[in-house]
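The values are calculated or read from the model by the stated rules, or taken from the named source; none is laboratory data. The structure presented is a predicted model; accordingly, all values stated were derived computationally and were not measured. Here the Cβ positions follow ideal geometry from the backbone for every residue, glycine too, while neighbour counts run over all protein chains shown. Calculation scope for accessible area: heavy atoms of the full protein, side chains included, ligands and nucleic acids excluded. Shrake-Rupley method; radii C 1.70, N 1.55, O 1.52, S 1.80 Å.
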Amino acid sequence: NSLLLITYKMPLLQPPPAKYGGRHTVTLIPGDGIGPELLNHVREVFRFSCVPVDFEVVHVNSAVETEDDINNAITAIRRNGVALKGNIETKHTMAPSVKSRNNLLRTSLDLYANVMHCQSLPGVQTRHKNIDIMIIRENTEGEYSSLEHESVSGVVESLKIITRNNSLRIADYAFKLAREKGRRRVTAVHKANIMKLGDGLFLQCCREVASGYPDITFDSMIVDNTTMQLVSKPQQFDVMVMPNLYGNVVSNVCAGLVGGPGLVPGANYGHVYAVFETATRNTGKSIANRNIANPTAMLLASCMMLDHLKLYDHASSIRNAILNTMNETRLHTADIGGQGTTSEVVQTIMRFIQSKGQLTSEY
Amino acid sequence: VPVASGTGGMQTVTLIPGDGIGPEISSAVMKIFETAKAPIRWEERNVTAIKGPGGRWMIPPDAKESMDKSKIGLKGPLKTPIAAGHPSMNLLLRKTFDLYANVRPCISIEGYKTPYTDVNLVTIRENTEGEYSGIEHVIVDGVVQSIKLITEDASRRIAEYAFEYARNNQRNSVTAVHKANIMRMSDGLFLRKCREVAENYKDIKFTEMYLDTVCLNMVQDPTQFDVLVMPNLYGDILSDLCAGLIGGLGVTPSGNIGANGVAIFESVHGTAPDIAGLDLANPTALLLSAVMMLRHMGLHDYGNKIQTACFDTIRDKKVLTKDLGGNSKCSEFTADICRRIQDLD
């Protein structure tokens, strides 16, 4: 089963060395909605499996206007180098000057690459089968530059920034990752026929980087056609690289195709820091605290984090347990068509880990 | 509903056959309309760009005159000019007639199987501003800025159209699609206008949803969506995504609503130059757009009759064109639809 051998090694980044006694400290940001309960489950599983990770919990209050909380969180991540987070809600009732905390975190820490691996999971019913797409999304600029102003009353301008540096950087990340994982093709997604300068620059940078990787095929596709192709023949895609907003659209489409937001983990990498979360970053307010959220995505994200910390055995053990539990249809949570509860899924995962004979603590 | 222009109860429609397969699919539509005895008088016009006085590119004056009088247009695919020196014809048409709303009803076609059944939604896209303002600058070497423009007026106008459309077409809800968590001011303004307009349409349910959540849910369960209204770029992406759900651009109708009562309905697929003139083209997209046009004109009975005949032909699977999985000719497909219309009478 090739799924068991997946490790998510970051090509460039050196994780921080283990601290005292071989134990790592990781920043944990519970966030809002389902974040806190899902991260509690992660801690439960880690504690049970004797994973040598200690969590430094930092709360970020989405209801206040000041940026003190998010700055504290950013400092904590700088200190520890690695974080696991839930989504922090962006309240519309607040003034437009109060920016998205999640976005602030990503840009302050220069987490320039958002990586999502979308794979069809056995045991989950979907319309399309055999999907295996890696999405690499530029994570700091583009439409998410947060530069807006009202030039004249009733007329708002929002700036989308594309730079050569960041485009080259993300393209290079994509090709390096493709090569490392033995992938054959990289597709750049864009709208350069309309945004000739902005997306034109992005595409140009991708082409330049591609020329340095002759072993990997490079092509490009316009974003609207891409979404059409994804819902009819997603198997044609291998690795995809794109600017921020299209990345948002494409990752959500792909997550939907393989079974939904509860299944796919995501990672945000920079040269120095790494932050792990669910791929589609949903707050899930309507299902919070009802024991119905799917813990899979967050648990798989924590496994990606363990790989990043080079704790490969723990990552594999937990991942195997998750994937095996996925085969039990009666345990499926509501988002994938079942009636199971979050805690049932987590208990089953822990039982599986225990059954493999590894060292576990009481639960 | 525009005032009928023309005599004897016939309404005039400006027909722009377009390039490539345009002329043959237009003929197919005209033949079907004739069989259905639809009260439409076609006025064919060409829209190759010409340079007017003052050096500005414009559509030919006889085309403009025809559209201004008839108010209703049906258009086939237009070739995209490369190095022709003039902007795309679609852009020119949009600017000339202030076509501010792009409307695409996406309904699953029984008989044309896709992984998604029971799709029944409408995307309404603001078509004049947003990310497609075309304003871009190189700030310094290696740094490009593209400007997305959102205005109060355009947002209000598209929201009003969306709610009117919902009311006139017996739709239950309108959902505004946005990313106001990231684009706080621009999408925030768009959202505010939608909320304001919603106040005047209490009979229609109004909801808001993030673009990513819409994408996520759309590919899992499209039946939860009804009418979607959104700014330009999201509309571009979502309308194509929805077209993909029902089978692609070859079967998707589209309408563009302009100021002053002008409406141009069109097929949104390409000109398919490789099969042009070979009687192989699929006229479904243009035909369904023409049906949309009939409904817009209040001629619902004719619209329903033609749509039923078209869907029955597809469901029957006996004379499908190549793109639908068969190997019949365009003329055979058209003839089958005509036969069914006659049977329905």
**Prompt:** If we scan the range B:183-198, do we find a residue that is in a loop (DSSP other than H, G, I, E, B), open to solvent by 10 Å² or more (accessible area, probe 1.4 Å) and more than 30 Å from A:THR126 (Cα to Cα)?
**Reply:** yes
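Condition check ((1) closer than 30 Å to A:ARG23 by Cβ; (2) within 11 Å of chain B (Cβ to nearest Cβ); (3) among the aliphatic types (A, V, I, L, M)) across all residues:
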site: A:ARG78; (1), (2), (3): yes, no, no
site: A:VAL82; (1), (2), (3): yes, no, yes
site: A:THR90; (1), (2), (3): no, yes, no
site: A:ALA95; (1), (2), (3): no, yes, yes
site: A:VAL98; (1), (2), (3): no, yes, yes
site: A:SER108; (1), (2), (3): yes, no, no
site: A:ASN114; (1), (2), (3): yes, no, no
site: A:VAL124; (1), (2), (3): no, no, yes
**Item:** Residue list for the range A:104-144, filter: surrounded by fewer than 20 Cβ atoms within 10 Å (Cβ to Cβ) and part of a strand (DSSP E or B)
**Value:** A:GLN119, A:ASP132
**Request:** Quick one: which residue in A:ARG185, A:ARG207, A:ARG164 is more than 24 Å from B:SER186 (Cα to Cα), facing another protein chain (nearest Cβ under 9 Å), basic (Lys, Arg) and surrounded by fewer than 19 Cβ atoms within 10 Å (Cβ to Cβ)?
**Result:** A:ARG164
**Fill in**
For the range B:99-128 the number of residues that are assigned to a loop (DSSP other than H, G, I, E, B) and surrounded by fewer than 23 Cβ atoms within 10 Å (Cβ to Cβ) is 13
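With open to solvent by less than 10 Å² (accessible area, probe 1.4 Å) and of a type outside the set (A, V, I, L, M) as the only criterion, which of A:PHE202, A:PHE218 stands out?
Values: A:PHE218 fails: open to solvent by less than 10 Å² (accessible area, probe 1.4 Å).
Step by step, each of A:PHE202, A:PHE218 is checked, and only A:PHE202 is open to solvent by less than 10 Å² (accessible area, probe 1.4 Å) and of a type outside the set (A, V, I, L, M).
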**Message:** Here's a check for you: in the range A:173-182, which residue that is outside any loop (DSSP other than H, G, I, E, B) and open to solvent by 50 Å² or more (accessible area, probe 1.4 Å) is farthest from the other protein chains (Cβ to nearest Cβ)?
**Reply:** A:GLU180
**Prompt:** Just checking, how many residues over the range B:211-225 are more than 7 Å from chain A (Cβ to nearest Cβ), assigned to a loop (DSSP other than H, G, I, E, B) and open to solvent by less than 20 Å² (accessible area, probe 1.4 Å)?
**Reply:** 1
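Residues are listed down the side, and each one gets a yes or a no for (1) among the hydrophobic types (A, V, I, L, M, F, W, C); (2) crowded, with 17+ Cβ neighbours inside 10 Å; (3) more than 30 Å from B:GLY261 (Cβ to Cβ):
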| position | (1), (2), (3) |
| --- | --- |
| B:MET292 | yes, yes, no |
| B:ASP301 | no, no, no |
| B:ILE306 | yes, yes, no |
| B:ALA309 | yes, yes, no |
| B:ASP316 | no, no, yes |
| B:SER328 | no, yes, yes |
| B:ASP336 | no, yes, yes |
| B:ILE341 | yes, yes, no |
| B:LEU344 | yes, no, yes |
**Prompt:** Which pairs have Cβ atoms under 6 Å, sit 6 or more apart or on different chains, and link a residue in the range B:237-252 that is at the interface with another protein chain (Cβ under 7 Å from one of its Cβ atoms) and under 9 Å from A:MET228 (Cα atoms) to one that is open to solvent by 10 Å² or more (accessible area, probe 1.4 Å) and not polar (S, T, N, Q)?
**Reply:** B:ILE237/A:ASP224; B:ASP240/A:ASP224; B:ASP240/A:MET228; B:ALA243/B:LEU249; B:GLY244/A:MET228
**Request:** Return yes or no: is A:GLU138 more than 24 Å from B:PRO231 (Cα to Cα) and modelled with pLDDT of 95 or more?
**Result:** no
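This table checks each residue for (1) of a type in the set (A, V, I, L, M); (2) within 12 Å of chain A (Cβ to nearest Cβ); (3) under 29 Å from B:ILE16 (Cβ atoms).
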| position | (1), (2), (3) |
| --- | --- |
| B:ILE109 | yes, no, yes |
| B:PRO115 | no, yes, no |
| B:ASN127 | no, no, yes |
| B:GLY130 | no, yes, yes |
| B:GLY134 | no, yes, yes |
| B:VAL138 | yes, yes, no |
| B:GLN145 | no, yes, no |
| B:ASP153 | no, yes, yes |
| B:GLU160 | no, no, yes |
**Request:** Can you give me the number of residues within the range A:17-29 that are buried (at least 21 other Cβ atoms within 10 Å of the Cβ) and of a type outside the set (Val, Ile, Thr)?
**Result:** 2
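Looking at A:ASN193, is it of a type in the set (S, T, N, Q), in contact with a helix residue (DSSP H, G or I) (Cβ under 9 Å, 6 or more places away or on another chain) and on the phi < 0 side of the Ramachandran plot? Reasoning before the result, please.
Numbers: of a type in the set (S, T, N, Q): yes; in contact with a helix residue (DSSP H, G or I) (Cβ under 9 Å, 6 or more places away or on another chain): yes; on the phi < 0 side of the Ramachandran plot: yes.
Spelling it out, A:ASN193 is indeed of a type in the set (S, T, N, Q), in contact with a helix residue (DSSP H, G or I) (Cβ under 9 Å, 6 or more places away or on another chain) and on the phi < 0 side of the Ramachandran plot.
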**Asked** What tally of residues in the range B:129-168 results from selecting those that are free of Cβ contacts under 8 Å to residues at least 12 places away in the same chain, assigned to a strand (DSSP E or B) and open to solvent by less than 70 Å² (accessible area, probe 1.4 Å)?
**Response** 4
**Message:** Considering only the range A:271-285, I want to know if a residue exists there that is away from chain B (no Cβ under 12 Å), more than 23 Å from A:ASN166 (Cα to Cα) and in contact with an Asp or Glu (Cβ under 9 Å, 6 or more places away or on another chain).
**Reply:** no
**Message:** Can you pull out every residue in the range B:42-57 that is in contact with a Ser or Thr (Cβ under 7 Å, 6 or more places away or on another chain) and part of a strand (DSSP E or B)?
**Reply:** B:GLU43
**Complete:** How many residues of the range A:147-159 are at the interface with chain B (Cβ under 7 Å from one of its Cβ atoms) and either open to solvent by 10 Å² or more (accessible area, probe 1.4 Å) or not in a strand (DSSP E or B) (or both)? The answer is 6
**Message:** For the range B:270-284: of the residues being assigned to a helix (DSSP H, G or I) and touching a residue at least 40 places away in the same chain (Cβ under 8 Å), which is surrounded by the fewest Cβ atoms within 10 Å (Cβ to Cβ)?
**Reply:** B:PRO273
**Request:** For B:SER173, indicate whether it is within 26 Å of B:GLN220 (Cβ to Cβ), away from every other protein chain (no Cβ under 14 Å) and either basic (Lys, Arg) or touching a Ser or Thr at 6+ places or on another chain (Cβ under 7 Å) (or both).
**Result:** yes
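Yes/no matrix, rows are residues, columns are (1) in contact with a Leu (Cβ under 6 Å, 6 or more places away or on another chain); (2) among the hydroxyl-bearing types (Ser, Thr, Tyr); (3) outside any helix (DSSP H, G or I):
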| site | (1), (2), (3) |
| --- | --- |
| B:ASP236 | no, no, no |
| B:SER239 | no, yes, no |
| B:LEU245 | no, no, no |
| B:PHE265 | yes, no, yes |
| B:LEU286 | no, no, no |
| B:MET292 | no, no, no |
| B:TYR302 | yes, yes, no |
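Restricting attention to the range A:231-270, and to residues there that are away from chain B (no Cβ under 14 Å) and aliphatic (A, V, I, L, M), which single residue is nearest to A:ASN102 (Cα to Cα)?
So the first thing to find is which residues in the range A:231-270 are away from chain B (no Cβ under 14 Å), and the list is A:238-241, A:265, A:267-270.
Restricting the remaining residues to those that are aliphatic (A, V, I, L, M) gives A:239-241, A:267.
Values: A:VAL239: 25, A:MET240: 23, A:VAL241: 21, A:ALA267: 13 Å.
Per the stated criteria, the residue is A:ALA267.
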